[in-house]
1. Nearest 500 deg cm²/dmol is fine: what mean residue ellipticity at 222 nm does the chain get from its DSSP H runs of n ≥ 4 alone, each adding -39,500 (n - 2.57), divided by its residue count?
2. Where is the GNM fluctuation largest for the chain (alpha-carbon springs, 10 angstrom cutoff): 24, 76, 39?
3. Expressed as a rounded percentage, what relative contact order does the chain have, with Cα pairs under 8 Å and six or more residues apart?
4. With a cap of 10 neighbouring Cβ atoms within 10 Å, and only residues DSSP puts in a loop, list the GluC sites (Glu not before Pro) found in region 35-91.
5. As I understand it, the value is the acute angle between the Cα axis of helix 18-28 and the longest principal axis of the Cα atoms of the chain; what does it come to in degrees, rounded to 10?
6. Quick check on the chain: of the DSSP beta bridges with both residues there, what percent are antiparallel, nearest 5%?
7. In nm, give the distance between the simple-model label positions of residue 8 and residue 50, each being 7 Å from the Cα along the Cα-to-Cβ direction.
8. Run the numbers for residue 40 and residue 58: contour at 0.36 nm per residue of separation, minus the present Cα-Cα distance, in nm.
Amino acid sequence: MNNVAHLFISGIVQGVGFRVYIQNQARRNQIQGWIKNLNDGRVEVLLVGTQENVLEMIKLCKRGSPWSKVSDVQVNWKNIQESYDSFSIIY
């Protein structure tokens with residue numbers, strides 16, 4: 001059964017390779033979903049996968065990429081009907 005986490009990440013997370021870093025980590029951790037920049041400077045992420053893998057990805061999002069500085073991560077657990085077959089960056 002898949003678990004779904006919807007995240008809003010604040011801090012220095014745009015223009016520092018954060019989305020590509022999270023996309024690469026998601027692929028390594030067998031996570032589906034997406035990531036995108038928001039106009040207010042935050043990043044929005046949808047993580048779909050096993051509970052163990054989603055929890056690992058939340059930890060990675062809190063830690064951030066080498067050039068980012070994450071100040072806050074809001075996590076909302078969701079039930080969704082859509083299915084995803086990959087993890088993508090939405091532009």
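Every number in this text was worked out from the coordinates using simple rules, so none of it is lab data. From a predicted model like this one, the values you see are computed outputs, not experimental measurements. Neighbour counts run over all protein chains shown; Cβ positions are idealised from the backbone, glycine included.
1. -8000 deg cm²/dmol
2. 39
3. With pairs under 8 Å counted, the relative contact order is 46 percent.
4. Listed in order of number, the matching sites are 82.
5. With both axes taken from Cα atoms, the answer is about 30 degrees.
6. Bridges in the chain are about 85 percent antiparallel.
7. Placing both labels 7 Å along Cα→Cβ, they lie 3.1 nm apart.
8. My answer for the length gained is 4.4 nm.
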